Amino acid sequence: MKNRFVLLFCCAALGTLLSSNAATIQVEVGAGGLKFTPQDVTIQVGDTVQWHWAGSGHSTTSGTPGNPDGMCDSGVQNAGFVFSQTFTAAGSFPYF
């Protein structure tokens, strides 16, 4: 994926980290080209982002194009693949 997207995190008390209120946010990968749908998501500490491949030959990698940060990398995958990442700290986390 050549496009860059950002996960934005709401400030949340650390006590909610393992709360039963944690959510799973779904993002579609590669439907209609090199894009994520939705493009940006806002989650809270402890939430999980789950990427679902709608197209083949795509990946999701944390960081920016040319500068992956090593936090997560799905590798290049095909339609039907699912990749998840749970975020345990507040911040802004770009991925491409």
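The values are calculated or read from the model by the stated rules, or taken from the named source; none is laboratory data. A quick note: this is a predicted structure, and the numbers were derived from the prediction, not measured. Cβ sites come from the backbone with ideal geometry, for glycine too, and all protein chains shown count toward neighbours. These accessible areas exclude ligands, DNA and RNA; they are computed on the full protein's heavy atoms, side chains included. Shrake-Rupley method; radii C 1.70, N 1.55, O 1.52, S 1.80 Å.
Structure above, values below:
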{"item": "Those residues of segment 43-96 which are acidic (Asp, Glu) and open to solvent by less than 60 Å² (accessible area, probe 1.4 Å), in sequence order", "result": "ASP47"}
{"item": "Residues (over 23 Å from ASN21 (Cβ atoms) and either in contact with a Pro (Cβ under 8 Å, 6 or more places away or on another chain) or loosely packed, with under 13 Cβ neighbours inside 10 Å (or both)) located in segment 33-42", "result": "GLY33, GLN39"}
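Residue by residue, here is whether (1) modelled with pLDDT of 90 or more; (2) over 15 Å from the mean Cα position of the chain (by Cα) holds:
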site	(1), (2)
MET1	no, no
SER19	no, yes
THR24	yes, no
VAL45	yes, no
SER56	yes, yes
THR61	yes, no
